[in-house]
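Colleague: One structure coming up, written as structure tokens, with questions to follow.
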Amino acid sequence: MKQCCGCKQEKQQSDFNKNRSQRDGLSLHCRECARRHSRAWVHRNMERVVEAGKRWRASNPERARKRERDWYWRNAEHCRAVARIKVARRKARLARLICDLTTEEWWARLSEFGHLCAYCQEHRATVVDHFWPVTMGGGTTISNVVPSCGPCNQAKYNHNPLVWLEVQAD
């Protein structure tokens with residue numbers, strides 16, 4: 001057990017980062033306090049952090065591209081969802097309709113349906129579908145979008161959803 005100099009709590013030694021300059025080989029602050037301190041410093045020095053990042057990317061373009069590619073593949077589902085929402089918002093804007101769907105709202109909607117298609121409830125949802133199509137005045141709002149699989153989205157197209165659902169039920 002060791003006491004953190006920041007929060008003054010007794011914690012396990014595994015809760016401290018390594019620091020060879022200290023007698024016991026551990027940092028004075030627990031990981032939680034160190035993280036909090038680091039984030040506060042970054043927040044206070046955001047311009048310096050941004051400039052340092054720009055300099056690093058300019059001097060290491062290949063490593064920067066690889067890091068960005070790796071991040072994309074680790075977060076591919078999130079990136080695709082953001083791209084789908086951008087497309088849906090653009091369609092609504094072009095049709096001069098309400099478009100206030102946020103990424104967080106979309107993730108919540110996906111979770112409501114268990115990441116499955118709202119219509120067939122069998123396939124994984126891959127599309128942001130306007131329940132009331134944009135051509136019928138349906139905006140990009142949380143109350144009008146549902147997750148859909150590609151086949152159901154294409155079958156529904158821009159039909160009246162109530163009529164289309166009746167036809168699918170038969």
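Colleague: With an 8 Å Cα cut-off and a minimum separation of 6 or more residues, compute the relative contact order for the chain in percent.
Modeller: The normalised contact order for the chain reaches 13 percent.
Colleague: First select every other residue whose beta carbon is under 13 angstrom from the beta carbon of Arg31; then total the charges, Lys and Arg +1, Asp and Glu -1.
Modeller: My count for the surroundings of Arg31 gives +4.
Colleague: Let me ask another. What per residue convex hull volume, in Å³, comes out for segment 123-165 when only alpha-carbon positions are used?
Modeller: That works out to 66 Å³ per residue.
Colleague: Just need log10 I(q)/I(0) for segment 1-81 at q = 0.16, 0.21, 0.24 Å⁻¹, Debye formula, equal scatterers on the alpha-carbon atoms, no solvent, rounded to two decimals.
Modeller: Ignoring solvent entirely, the Cα scatterers give -0.87, -0.93, -0.99.
Colleague: For segment 13-99, what's the relative contact order in percent, using C-alpha pairs closer than 8 Å and at least 6 residues apart?
Modeller: 11
Colleague: If the cut-off is 12 Å between C-alpha atoms, which aspartates and glutamates fall inside it for Lys156, apart from same-chain ones fewer than 8 positions away?
Modeller: Counting by Cα, and skipping residues close in sequence, Lys156 has these aspartates and glutamates nearby: Asp129, Glu166.
Colleague: May I ask for the angle, rounded to the nearest 10°, between helix 61-74 and the longest principal axis of the chain, with both axes built from Cα atoms and the value confined to 0 to 90°?
Modeller: Result, in degrees: 60.
Colleague: Compute a Gaussian network model of the chain, connecting alpha carbons closer than 10 Å, and tell me which residue from Pro61, Pro133, Pro147 fluctuates the most.
Modeller: Fluctuation is largest for Pro61.
Colleague: By how many degrees, 0 to 90 and rounded to 10, does the Cα axis of helix 76-94 deviate from the longest principal axis of the chain?
Modeller: Approximately 50 degrees, to the nearest 10.
Colleague: A further question follows. If you take every residue apart from Gln9 with its C-beta less than 11 Å away from the C-beta of Gln9, what net charge results, scoring Lys and Arg +1 and Asp and Glu -1?
Modeller: With Lys, Arg at +1 and Asp, Glu at -1, the net is 0.
Colleague: Among the chymotrypsin sites (Phe, Trp or Tyr not before Pro) within segment 75-170, which fall in a DSSP loop and have no more than 13 other Cβ atoms within 10 Å of their own Cβ?
Modeller: In loop regions of segment 75-170 (DSSP not H, G, I, E or B), the sparsely surrounded chymotrypsin sites (Phe, Trp or Tyr not before Pro) are Tyr157.
Colleague: Need one value: the accessible area of Met46 in square angstrom, 1.4 angstrom probe, rounded to the nearest 10.
Modeller: Accessible area of Met46: about 90 Å².
Colleague: Here's another thing I want to ask about it. Roughly how tilted is helix 103-112, in degrees to the nearest 10 and between 0 and 90, from the longest Cα axis of the chain?
Modeller: Around 70 degrees separate the two axes.
Colleague: Mind checking the dipole of segment 1-49: about its Cα centre, +1 per Lys or Arg Cβ, -1 per Asp or Glu Cβ, Debye to the nearest 20?
Modeller: Magnitude of the dipole: close to 100 debye.
Colleague: Most fluctuating residue of Glu68, Glu32, Glu77 in a GNM of the chain with Cα springs under 10 Å: which is it?
Modeller: Its mean-square fluctuation being the largest, the pick is Glu32.
Colleague: Here's another thing I want to ask about it. Hey, got the dipole for the chain? About the Cα centre, +1 on K and R Cβ, -1 on D and E Cβ, debye to the nearest 20?
Modeller: So the dipole magnitude of the chain works out to roughly 1380 debye.
Colleague: Shifting gears a bit: How large is the translational diffusion coefficient of the chain in µm² per second when you combine the Kirkwood radius over alpha carbon pairs with Stokes-Einstein at 4 °C and 1.567 mPa s?
Modeller: 63
Colleague: Would you list Ile98, Ile85, Ile142 from the most to the least accessible area, probe 1.4 Å?
Modeller: From most exposed to least exposed: Ile98, Ile142, Ile85.
Colleague: Out of Arg65, Arg36, Arg57, any idea which swings most in a Gaussian network model of the chain, alpha carbons joined below 10 Å?
Modeller: Arg36
The values are calculated or read from the model by the stated rules, or taken from the named source; none is laboratory data. Source: prediction; values computed, not measured. All Cβ positions, glycine included, derive from the backbone under ideal geometry; neighbour counts span all protein chains shown. Heavy atoms of the whole protein, side chains included, go into the accessibility calculation; ligands, DNA and RNA do not. Shrake-Rupley method; radii C 1.70, N 1.55, O 1.52, S 1.80 Å.
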